[in-house]
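Asks: Here it is: the structure, laid out below.
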Number of protein chains: 2
Amino acid sequence: MAVQAPIGMRMRNQNQRRKRIVQTAAALALRGGVEAMQMRTVAERAGVALGTLYRYFPSKMDLVVAVVTEELDLLETSISRRPPNAETAAGRAVDVLMRATRGLMREPELADALVRSLIMAEVKTELGARITDLLYRVATGTPVAGNEESAPPDRDADDYVLVGSLASIWIFELLEILKGHRDMEQVQQRLEVAAEPLLAGF
Amino acid sequence: MAVQAPIGMRMRNQNQRRKRIVQTAAALALRGGVEAMQMRTVAERAGVALGTLYRYFPSKMDLVVAVVTEELDLLETSISRRPPNAETAAGRAVDVLMRATRGLMREPELADALVRSLIMAEVKTELGARITDLLYRVATGTPVAGNEESAPPDRDADDYVLVGSLASIWIFELLEILKGHRDMEQVQQRLEVAAEPLLAGF
DNA sequence: CCACTCAGTAGAACAGATTCTATTAAGACG
DNA sequence: CGTCTTAATAGAATCTGTTCTACTGAGTGG
């Protein structure tokens, strides 16, 4: 499908380097959060020069997004391993969102990063789209395949818009938790209240 | 209602100073946006010391929120002057949101500030609550009074949650416009799609 | 195998938010 | 009026993201 560029020593090293950087960054973020993940520190610990770090990730936000993207992979795997089993679309969607929420809240610092990167990023963040897609598959009952595009959803269809809306709401609720304004139970209730009418027609 | 502290020269000056700061900041933000609104510059032009600025607004975000809050006042006045006239709750809500959107987009820099402050602020930002309240009154058909609390809405009622959800969605759509991913028409459509089921029971 | 390119390096430099220090003076209050 | 508290001031200092410079060396391609 994609054109395979001939691969040399060079690119191999680059891939390794990139991976090392992201892992280092993730480790730092896991502790002190985004602010502990300082560009200088990441560079040092990853054993690359500051300039190199900036060649790979032109801004801190890009790095954050990279870290968060890996988390998202994990969630996707988890979902496909143990799919939600509720009857209604709304039920399944809320189930998945709450699982994600609980997972994230185990690492609040990272959650914070996720949310902020979703929101702030000038960065081409397909993150939002990926979440919506995931949710869409869950809601419609399509099994969550890894990368295989089982049925590229029509992104302008009302259904897709509705799911996207639910995703927005979720992000906000996450934010509220992070700010200490809500607990997980409240969020679950609120998601249920919103998801029910939104996904009633599924 | 509130305890009136005796007012001296001191506090009067402080109020003036605060107002001067906010106005200066707003003026700067109106041009170059949040980044043009540098703390040093604000301090200089407002004729206060940097330290003083920081006494009044402990972080730049606090200052941004103050500026944005004034904008919100304007919107509220505009709404009460010319209330939405649609038949359905969803119609009225979308009407108001789109008016706000158009207003904000006239000053994209400020819009950006609004959104970011809503999102980022550790700051005690009743901004979100205020928007939701406004929307709630509009949706239920309660005339939008200025500051008078005509009927303090029950913030845990499902209705209130639903309206809050719509507010979240709106913020996100704003964000998408700012990122250049959508135009106003698309946003309107999407808001309609989401608002209709959400506010169906009003 | 050699020349050359360009990724990588070290580290200085820059920018803007935030903090700190020492000093001054306004105004509350007896 | 004379303290005395505390806000305000000027400006240096710090912190962290980002940019820039000059230099080096791994690897590619002929």
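The values are calculated or read from the model by the stated rules, or taken from the named source; none is laboratory data. Worth saying up front: this structure is predicted, and the values here are computed from it rather than measured. Glycine also receives a Cβ, built like all others from the backbone with ideal geometry; neighbour counts cover every protein chain displayed.
Table: residues versus (1) part of a helix (DSSP H, G or I); (2) out of contact with any helix residue (DSSP H, G or I) (no Cβ under 6 Å at 6 or more places or on another chain); (3) of a type in the set (Ser, Thr, Tyr).
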{"residue": "B:Val163", "(1), (2), (3)": "yes, no, no"}
{"residue": "B:Arg182", "(1), (2), (3)": "no, no, no"}
{"residue": "B:Gln189", "(1), (2), (3)": "yes, yes, no"}
{"residue": "B:Glu196", "(1), (2), (3)": "yes, no, no"}
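Asks: Can I ask one more? Which members of the range B:18-35 meet the condition of being outside any loop (DSSP other than H, G, I, E, B) and among the aliphatic types (A, V, I, L, M)?
Replies: B:Ile21, B:Val22, B:Ala25, B:Ala26, B:Ala27, B:Leu28, B:Ala29, B:Leu30, listed by residue number.
Asks: Can you go through A:Val65, A:Val34 and tell me which one is surrounded by 11 or more Cβ atoms within 10 Å (Cβ to Cβ) and within 9 Å of DNA strand D (Cβ to nearest atom)? Please lay out each step first, then the result.
Replies: Working: A:Val65 fails: within 9 Å of DNA strand D (Cβ to nearest atom).
Matching residue, one of A:Val65, A:Val34: A:Val34.
Asks: Can B:Leu63 be described as in contact with a Phe, Trp or Tyr (Cβ under 8 Å, 6 or more places away or on another chain), in a helix (DSSP H, G or I), closer than 16 Å to B:Val193 by Cα and in contact (Cβ under 8 Å) with a residue 12 or more places away in the chain?
Replies: no
Asks: When you scan the range A:2-22, do you find a residue that is surrounded by 12 or more Cβ atoms within 10 Å (Cβ to Cβ) and within 11 Å of DNA strand D (Cβ to nearest atom), even just one?
Replies: yes
Asks: Restrict the check to the range A:115-132 and report whether at least one residue is away from every other protein chain (no Cβ under 14 Å), surrounded by 14 or more Cβ atoms within 10 Å (Cβ to Cβ) and away from DNA strand C (no atom under 16 Å from the Cβ).
Replies: Yes, that holds for at least one residue.
Asks: When the range B:30-44 is examined, which residues are found to be in contact (Cβ under 8 Å) with a residue 24 or more places away in the chain and more than 9 Å from DNA strand C (Cβ to nearest atom)?
Replies: Of everything in the range B:30-44, those that are in contact (Cβ under 8 Å) with a residue 24 or more places away in the chain and more than 9 Å from DNA strand C (Cβ to nearest atom) turn out to be B:Leu30, B:Arg31, B:Gly32, B:Gly33.
Asks: Quick check, is A:Ala66 touching a Leu at 6+ places or on another chain (Cβ under 8 Å), at pLDDT below 95 and small (Gly, Ala, Ser)? Steps first, answer last, please.
Replies: Working: touching a Leu at 6+ places or on another chain (Cβ under 8 Å): no; at pLDDT below 95: yes; small (Gly, Ala, Ser): yes.
Taking the combined requirement at face value, the residue does not satisfy it.
Asks: Also, I was wondering about something else. Can you name the condition, by its number, that B:Val48 falls short on among (1) within 12 Å of DNA strand D (Cβ to nearest atom); (2) assigned to a helix (DSSP H, G or I); (3) in contact with a helix residue (DSSP H, G or I) (Cβ under 8 Å, 6 or more places away or on another chain)?
Replies: Tallying (1) within 12 Å of DNA strand D (Cβ to nearest atom); (2) assigned to a helix (DSSP H, G or I); (3) in contact with a helix residue (DSSP H, G or I) (Cβ under 8 Å, 6 or more places away or on another chain), B:Val48 fails exactly one: (2).
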